[in-house]
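Comments concern the structure below.
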Amino acid sequence: MIEEQTFASVWDALADTAQEAAHLKVRSALMIELNERIKEWAGSDTQKAARLGITKPRFSNLKAGRVDLFSLDALVDLAATAGLAVSLNLAAA
């Protein structure tokens with residue numbers, strides 16, 4: 001019999017460690033905000049990719065939410081390029 005587990009988030013369920021889950025949560029939040037900003041832009045995906053300074057395939061991965069393919073540094077850089085101010089808010093777990 002398989003024991004059911006409950007997780008605080010999908011990232012907690014997918015990650016092997018609390019540290020990995022924390023990384024996934026932050027990267028996911030950045031990616032969501034980036035995608036919201038990008039939706040506001042006029043133009044084709046190719047034009048939007050160029051505006052961010054990335055290739056069309058990389059842009060497609062961003063739009064698809066491929067968190068596993070983007071480092072935190074890369075997402076912070078993209079957010080800054082997109083005109084988003086990135087800040088950090090820490091709280092006790």
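The values are calculated or read from the model by the stated rules, or taken from the named source; none is laboratory data. None of the values given here were measured: they were computed from a predicted structure. Cβ: placed from backbone, ideal geometry, glycine included. Neighbour counts: every protein chain shown.
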Original post:
Just one of ASP73, ASP68 is part of a helix (DSSP H, G or I), touching a Leu at 6+ places or on another chain (Cβ under 9 Å) and exposed (fewer than 10 other Cβ atoms within 10 Å of the Cβ); which is it?
Top reply: ASP68
**OP:** Run LYS39 past the list (1) at pLDDT 95 or above; (2) among the charged types (D, E, K, R); (3) touching a Ser or Thr at 6+ places or on another chain (Cβ under 9 Å) and report the number of the one that doesn't hold.
**Re:** (3)
**OP:** Go through (1) surrounded by 15 or more Cβ atoms within 10 Å (Cβ to Cβ); (2) assigned to a helix (DSSP H, G or I); (3) at pLDDT 95 or above one by one and return the number of the condition LYS25 breaks.
**Re:** (3)
